[in-house]
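The values are calculated or read from the model by the stated rules, or taken from the named source; none is laboratory data. It should be emphasised that the depicted structure is a prediction, and the values quoted were computed from it without experimental measurement. We place every Cβ from the backbone using ideal geometry, glycine too, and count neighbours over all the protein chains shown. Side chains are part of the model used for accessible areas, which takes the heavy atoms of the whole protein and leaves out ligands, DNA and RNA. Shrake-Rupley method; radii C 1.70, N 1.55, O 1.52, S 1.80 Å.
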Amino acid sequence: MPYATSPRIAPLPLAELTPEQQRLARLGADTVIQVQAKNAALMQASASLGGFLLGQGELPPRLRELAILRVALRCDAPYEWANHVPAALGAGATADEINALTDPAATWAPEDGAVLRATDELCAEAFVSDETWAALAAEFAEPVILEVLFLAGYYRMMAGFLNSAGVAVKPGQPVLGERVVPHVAEAAPVVTRPNSGRTGVDGTWHITFTHPAGSKELVLELKTSGSAVAGSIVDTQLGVTVPVTSGTVEGNRLEFTAVVTEPARFEIGVTGTVDGDVFTGSVTISGGGTFPFSGTRAA
């Protein structure tokens with residue numbers, strides 16, 4: 001399918017976006033938001049459905065991302081592909097699975113194959129065949145089947161917008177049609193400094209967690225009361241502070257959850273271990289995968 005090779009709608013400068021639009025842009029798809037912001041009401045309506053499909057749907061994140069990449073392939077959508085390859089890797093898909101999306105002879109597990117065939121048919125005919133519907137029904141309940149239909153439809157719509165508006169792929173992002181190289185997971189870096197002699201969880205922590213799309217810096221403010229943990233997560237890049245909703249601590253190990261409500265809704269779960277001034281563990285993002293983190297106690 002054809003697509004515009006240069007922008008037809010110039011993105012708004014970030015400085016001209018509202019604070020909420022700027023936070024959405026900093027989630028990763030900044031150019032998309034900068035273009036869509038020229039029709040703010042439409043952008044808000046689209047973001048509501050997109051946010052649900054990405055963060056609140058029942059389809060497993062890995063399979064969701066493979067389906068989105070299949071739409072990108074079927075619609076020749078370079079931007080959609082570039083943005084969702086890192087998301088697919090983060091959600092647990094392997095490079096071999098992503099590369100197999102372009103192979104007609106590839107074999108898939110029954111639930112993967114049913115969703116990918118449904119995606120192909122929706123992109124080609126806007127209709128799921130009886131045979132494929134039966135395969136979906138054998139693997140998923142009706143609410144999830146509905147989600148599959150809307151997922152393929154939403155990203156087919158987005159492919160039409162991205163291709164027609166000429167939203168540009170950034171240098172260094174995955175190129176549609178090129179083989180994806182396996183992602184090598186790296187531990188988040190730990191900054192070393194003299195030991196303060198403090199122990200326990202309470203205090204301010206500067207942590208970094210790694211993701212295939214890039215690392216992210218966060219600040220944790222934690223306070224314990226018996227075995228309970230309270231506090232907040234501060235994302236200085238987005239300008240968002242999220243309170244801890246529940247948590248427990250046992251010795252030097254703790255786990256807690258927080259619910260992000262802006263610029264998109266998703267749940268964060270943190271599990272970690274404190275060793276003096278070093279804090280290591282993992283962050284699980286609903287709909288997004290689990291990633292390692294490490295960091296140090298603030299001086």
Taking R0 as 30 Å and r as the Cβ-Cβ distance between residue 196 and residue 290, the FRET efficiency 1/(1 + (r/R0)^6), rounded to the nearest 0.05, comes to 0.55
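At most 16 other Cβ atoms within 10 Å and a DSSP loop assignment: could you name the GluC sites (Glu not before Pro) in region 1-103 that fit? Walk me through the intermediate numbers first.
Numbers: sites: 16, 20, 58, 65, 80, 97; in loops: 58.
For GluC sites (Glu not before Pro) across region 1-103 that sit outside H, G, I, E and B with at most 16 neighbouring Cβ atoms in 10 Å, the list reads 58.
Could you work out how much longer the chain between residue 96 and residue 232 gets when fully extended? Use 0.36 nm per residue separation minus the Cα distance between them, nm to one decimal.
Stretched out fully, the residue 96 to residue 232 stretch lengthens by 45.2 nm.
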Phi angles of region 113-122, converted by Karplus (6.51 cos²θ - 1.76 cosθ + 1.60, θ = phi - 60°) into ³J(HN,Hα) in whole Hz with x for Gly and Pro, give x, 5, 5, 5, 5, 4, 4, 4, 5, 5
Over the chain, the sum of -39500 (n - 2.57) across DSSP H runs of at least four, divided by residue number and rounded to 500 deg cm²/dmol, gives at 222 nm -12000 deg cm²/dmol
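Can you tell me the accessible area per residue over the chain, all protein chains present, probe 1.4 angstrom, in square angstrom? Walk me through the numbers on the way to the answer.
Numbers: 14880 Å² over 299 residues.
With the other protein chains kept in place, the chain gives 50 Å² per residue.
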The relative contact order of region 1-74, taking Cα pairs under 8 Å that sit 6 or more residues apart, comes to a percentage of 21 percent
In this structure, the FRET efficiency calculated for residue 14 and residue 257 from their beta-carbon separation, with R0 = 35 Å, to the nearest 0.05, is 0.65
For region 7-138, the percent of accessible surface on carbon and sulfur atoms (probe 1.4 angstrom, ligands and nucleic acids excluded) is 55 percent
Sequence order, region 237-250: Karplus ³J(HN,Hα) from phi using 6.51 cos²θ - 1.76 cosθ + 1.60, θ = phi - 60°, Hz rounded, Gly and Pro as x, gives 5, 8, x, 10, 10, 10, x, 5, 8, 6, x, 9, 9, 9
Once both label points are put 7 Å beyond Cα along the C-beta direction, the residue 204-residue 45 separation in nm becomes 4.4 nm
Note on region 1-158: contact order normalised by length, alpha-carbon pairs under 8 Å, 6 or more apart, percent, works out to 22 percent
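How big is the shadow of the Cα convex hull of the chain, averaged over all directions, in nm²? Could the numbers behind the result be given before it?
On the way: hull surface 68.7 nm².
Seen from a random direction, the Cα hull of the chain projects 17.2 nm² on average.
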Once phi for every residue in region 135-143 is put through the Karplus expression 6.51 cos²θ - 1.76 cosθ + 1.60 (θ = phi - 60°), the whole-Hz ³J(HN,Hα) values, with Gly and Pro written as x, are 5, 5, 5, 6, 10, 9, 6, 4, x
